[in-house]
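These notes concern the structure reproduced below.
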Amino acid sequence: MLDWLNPVKGFGVTFHTMFTKVPTTNYPEVKRATAPRFHGRHQLNRWADGLEKCIGCELCAWACPADAIYVEGGDNTEEERYSPGERYGRVYQINYLRCILCGLCVEACPTRALTMTNEYEIADDERESLIWTKEQLLAPLLEDMEAPPHPMRLGETEEEYYRSGATPAEAAVAPRPEGEANT
Amino acid sequence: MTTTAQAGAALPVAAEAQLDAFGTDPWWITLIKALVIFVFLMVCVLMMIMADRKVMGRMQQRHGPNRLGPLGLLQSLADGVKLSLKEDLIPRGVDRTVYIAAPVIAAVPAFIAFSVIPIGPEVTMFGVQTPLQLTDLPIAALVVLATAAVGVYGIVLGGWASQSPYALLGGLRASAQVISYEIAMGLSFVAVFMYSGTLTTSGIVEAQRPVWFALILLPSFLIYIVTMIGETNRLPFDLAEGEGELVGGFMTEYGSMKFTMFFLAEYVNMVTVAAVSVTFFLGGYLAPPPLTMFWAGANDGWWPALWWLLKFLLMMFLFIWVRGSVPRIRYDQLMQLGWKVLIPVQLVWITAVAFVRILVNEGAPTGVVAAVVAGFAAATVAFLVAWARAARRRRRAEAAERREELRLMREDPAYGGFPVPPPSAPHYGSSVPAEGPRYAPRAPDDKREEVTGA
């Protein structure tokens, strides 16, 4: 019946909207927390004693659809040990000009060395500085961590090391009996 | 013309006498006034662009520009600087003289029209008694119309000189649109002139002392609002620019300072038509009626300038409000509205006003006047009802036609001549056998189906 008033109603809508709350986040001044599983920039994780988790297998580089990751593996020696196993990532670069932050590399990583953080402010005005190197990507050293290279602190053998769990203390409490390893 | 003269004679308007106040200012007062008007217009344009974006933003539930300066108020200033510093390109093949002159032609008349807008009554400025108005003429109202019309030359010439089809189409659209809306605009002033009995802008304002023309001449006012938006090429009538289909319309080939000039002209035009509406319909600088009842001094001294400014800002807000609320209309709808609605309605309205004025001025008995008013009202209502019924009938017929067409298309996919491969045809280049028909085939007629090679 009052359909002919609809165009006038539109004016009411716009006028009313002027006094409603604006949902915009004033980004640089106000930063809203991301979702917990937001795909931000990457991080190369460490074991509890500070050794790197990355074993230089290049699976992340192969999984990358944008060809943004470059890895060169290196051999660990007894004198210079960066990761618990045989190999470690000697060179590790992620090109954030190519990276689409899809997370396929994280899925591909066999040692959970590569994960993503919630940090998203990675814009820059220089191409070179957008190729992040291993030093930038590595997780910071926590309190009881020691910067590699250093010997394995979580177990004598690699197997012991990997099975030791999160902390050396846990490994000491529940040592695994021998022979069970092969099952 | 006799009507106008009689109407004027019947009203206690000292129109001609009032013009004595003009033309006697010392030169430096005139200079100050001209400068103030210029600065006011420029600041208005900057603020209006800002307000446009801010208010539109709020209407769309977002902040407008808010980065530069407090609340982002300096944004349009920065935009202006940026525009001026851009490379001044002149495309090859344009008509250089006209191409360069067009923005100037568009911008200058917009400023001129403002010189006859009264902002206040006589005040004492630096010891000189002078009206708050740069100048006034016996035909000031026509100056407003004339400058508005000349401004369009800038747009048309800009479109023509650019040597670009988009620009040309934009210019053509602008000229057609402005011509159609200029007529309705001029007609909406006629009723005002009948009541004020003068063409001087200050006289028109003074004639509104008892009651604003927006109230007694409401149809004129409403039509003026529509035409003023059409005149300034603002949404929903910004078809001359037509970003959707004409890139940028007449300013497609313009950049840098010349583009700025067009931009400036558009906004100054808005300021001017808003000021004209305040002058002609909203009582100019007169205080709003309820205010004068308990504050006798509301119309003294410099206060009227404030009332003028408030009314002016209200009209400017209306521009933004309309832009934020109404979608752009189609070109044929624009023409239809201008020629088939606004002008006829305006003519009938003017006739009615003239009739009633004559009857009142010649002292006809109240009964006769009431009868004439009732007659016009009845005719209007009857017309509206008939129009609504016709519209409903047309809509129903259109819907029936569409239904019939859909039915035919469902029955025969080839209906209407659209080439549809026969359902019995095998899939080209494949071994998949043809499907059976999914619908009942048409009854076979004598004509053989013609298969064109493809």
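The values are calculated or read from the model by the stated rules, or taken from the named source; none is laboratory data. The shown structure was predicted, so the numbers you read here are calculated from the model rather than taken from an experiment. Please note: Cβ atoms are built from the backbone with ideal geometry, for glycine as well, and neighbour counts cover all protein chains shown.
For the stretch B:316-354, which positions are among the small types (Gly, Ala, Ser), farther than 27 Å from A:THR14 by Cα and crowded, with 19+ Cβ neighbours inside 10 Å?
Our first condition is that a residue be among the small types (Gly, Ala, Ser); within the stretch B:316-354, this holds for B:324-325, B:338, B:352, B:354.
Among the residues that remain, those that are also farther than 27 Å from A:THR14 by Cα are: B:352, B:354.
Across the stretch B:316-354, the qualifying residue is only B:ALA352.
Given the structure, is B:LEU217 modelled with pLDDT of 85 or more and surrounded by fewer than 18 Cβ atoms within 10 Å (Cβ to Cβ)? Spell out how you get there, then give the answer.
Values: modelled with pLDDT of 85 or more: yes; surrounded by fewer than 18 Cβ atoms within 10 Å (Cβ to Cβ): no.
Criteria not met by B:LEU217.
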Residues of the stretch B:27-71 that turn out to be under 23 Å from B:PHE114 (Cβ atoms), surrounded by fewer than 19 Cβ atoms within 10 Å (Cβ to Cβ) and either among the hydroxyl-bearing types (Ser, Thr, Tyr) or within 14 Å of chain A (Cβ to nearest Cβ) (or both), as a count: 1
For the stretch A:21-53, how many residues meet the condition of being in contact (Cβ under 8 Å) with a residue 40 or more places away in the chain, in contact with a Lys or Arg (Cβ under 9 Å, 6 or more places away or on another chain) and assigned to a loop (DSSP other than H, G, I, E, B)? 7
Right, B:GLY64: outside the structural domain of B:THR124 (by TED's automatic domain parsing) and at pLDDT below 90 or not? yes
All but one of (1) surrounded by 22 or more Cβ atoms within 10 Å (Cβ to Cβ); (2) among the charged types (D, E, K, R); (3) assigned to a helix (DSSP H, G or I) hold for B:GLU245; which doesn't? (1)
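Scan B:VAL190, B:VAL205 and give me the residue that is surrounded by fewer than 20 Cβ atoms within 10 Å (Cβ to Cβ) and more than 15 Å from the chain's Cα centre (by Cα). Quick ask: steps written out before the conclusion?
Details: B:VAL205 fails: surrounded by fewer than 20 Cβ atoms within 10 Å (Cβ to Cβ).
So the residue among B:VAL190, B:VAL205 that is surrounded by fewer than 20 Cβ atoms within 10 Å (Cβ to Cβ) and more than 15 Å from the chain's Cα centre (by Cα) is B:VAL190.
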Among the residues of the stretch B:365-386, is there at least one that is within 14 Å of chain A (Cβ to nearest Cβ), farther than 30 Å from B:GLY64 by Cβ and in a helix (DSSP H, G or I)? yes
Which residue out of B:LEU187, B:LEU199, B:LEU169 is in contact with a helix residue (DSSP H, G or I) (Cβ under 7 Å, 6 or more places away or on another chain) and closer than 26 Å to B:LYS258 by Cα? B:LEU169
Being under 14 Å from B:PHE281 (Cα atoms) and either within 17 Å of the chain's Cα centre (by Cα) or assigned to a strand (DSSP E or B) (or both) is the requirement here; does B:PRO131 meet it? no
Against the condition modelled with pLDDT under 85 and in a helix (DSSP H, G or I), how does B:ILE29 come out, does it pass? yes
If A:GLY56 passes every condition in (1) under 22 Å from A:ASN118 (Cβ atoms); (2) modelled with pLDDT of 90 or more; (3) assigned to a loop (DSSP other than H, G, I, E, B); (4) of a type outside the set (A, V, I, L, M, F, W, C) but one, which one does it miss? (1)
Of (1) of a type in the set (Ser, Thr, Tyr); (2) surrounded by fewer than 16 Cβ atoms within 10 Å (Cβ to Cβ); (3) within 14 Å of chain A (Cβ to nearest Cβ), B:THR292 satisfies every one except (3)
When (1) surrounded by 12 or more Cβ atoms within 10 Å (Cβ to Cβ); (2) of a type in the set (D, E, K, R); (3) touching a Ser or Thr at 6+ places or on another chain (Cβ under 9 Å) are applied to A:ASP49, the one that fails is (3)
Do any residues in the stretch A:59-81 that are aromatic (Phe, Trp, Tyr) have Cβ atoms under 6 Å from those of residues that are surrounded by 12 or more Cβ atoms within 10 Å (Cβ to Cβ), where the two are at least six apart or on different chains, and which pairs are they? A:TYR70/A:GLN93
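Just to check your reading of the model, which residue among B:ALA298, B:ALA287 is in a loop (DSSP other than H, G, I, E, B), on the phi < 0 side of the Ramachandran plot, modelled with pLDDT under 85 and more than 14 Å from chain A (Cβ to nearest Cβ)? Let's see the steps before the verdict.
On the way: B:ALA298 fails: in a loop (DSSP other than H, G, I, E, B).
Selected residue: B:ALA287, the only one of B:ALA298, B:ALA287 that is in a loop (DSSP other than H, G, I, E, B), on the phi < 0 side of the Ramachandran plot, modelled with pLDDT under 85 and more than 14 Å from chain A (Cβ to nearest Cβ).
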Looking at A:ALA48, A:ALA35, A:ALA63, which one is away from chain B (no Cβ under 14 Å), under 23 Å from the mean Cα position of the chain (by Cα) and modelled with pLDDT under 90? A:ALA48
